[in-house]
Amino acid sequence: MRDLFNAFNISASGMYAQRIRFNVVASNIANFESYRTNGQPFSKLEPVFEAVETEENLKKGLVPVSVREIRESDEPFRLVFDPTNPRADAQGFVRLPNVELVKEMADMISAMRSYEANLNAFRTTREMAQRTLELWR
């Protein structure tokens, strides 16, 4: 029965990670054309996931995921020539946030699908636990 609880924990870690990913994507989309208070363009955020591998976990086949950090992207900012824009530099270019809506939407769909897969694994584990308890009655 303890193994079922381990499966719950692994699925829950996956759902948590994908929820964080979804929230980060939502933040990126919301700030698609935003600037920071210091006048710099918003820099896209990226979650970094990490497999929690220990000797003991690997022997049991249990490798949950954790969110290691949420970092700013190192992708360059978008440049648009618009000399009339008050944010334009001396050459007339405006630096825009490095958020690409199409990539963000694809990432959002991927996060949703991954979340759903973890949720289905959680539900399947719950059904197995319920059937096991029914057998013990």
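The values are calculated or read from the model by the stated rules, or taken from the named source; none is laboratory data. Treat the numbers as computed from the prediction; the structure is a model and nothing was measured. With ideal geometry, Cβ positions are generated from the backbone for all residues, glycine too; neighbour counts draw on all protein chains shown. Accessible surface is based on the protein model in full, side chains and every heavy atom, while ligands, DNA and RNA are left aside. Shrake-Rupley method; radii C 1.70, N 1.55, O 1.52, S 1.80 Å.
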So which residues in the stretch 96-123 are of a type outside the set (A, V, I, L, M) and either surrounded by fewer than 12 Cβ atoms within 10 Å (Cβ to Cβ) or within 30 Å of Thr37 (Cα to Cα) (or both), if there are any at all?
-> Pro97, Asn98, Glu100, Lys103, Glu104, Asp107, Arg113, Asn120, Arg123
Can you name the condition, by its number, that Met108 falls short on among (1) in contact (Cβ under 8 Å) with a residue 40 or more places away in the chain; (2) not in a helix (DSSP H, G or I)?
-> (2)
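Table: residues versus (1) within 19 Å of Phe122 (Cα to Cα); (2) among the hydrophobic types (A, V, I, L, M, F, W, C).
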position	(1), (2)
Glu33	no, no
Pro47	no, no
Gly61	yes, no
Phe93	no, yes
Matching residues, the stretch 65-95, being assigned to a loop (DSSP other than H, G, I, E, B), open to solvent by 100 Å² or more (accessible area, probe 1.4 Å) and within 30 Å of Asn118 (Cα to Cα) | Asp74
Screening Glu33, Glu53 for residues that are open to solvent by 50 Å² or more (accessible area, probe 1.4 Å), in contact (Cβ under 8 Å) with a residue 60 or more places away in the chain and part of a loop (DSSP other than H, G, I, E, B) leaves only Glu33
Filter result for the condition that a residue is within 16 Å of Ala12 (Cα to Cα), of a type in the set (S, T, N, Q), at pLDDT below 95 and within 17 Å of the chain's Cα centre (by Cα), over Ser66, Ser114 = Ser66
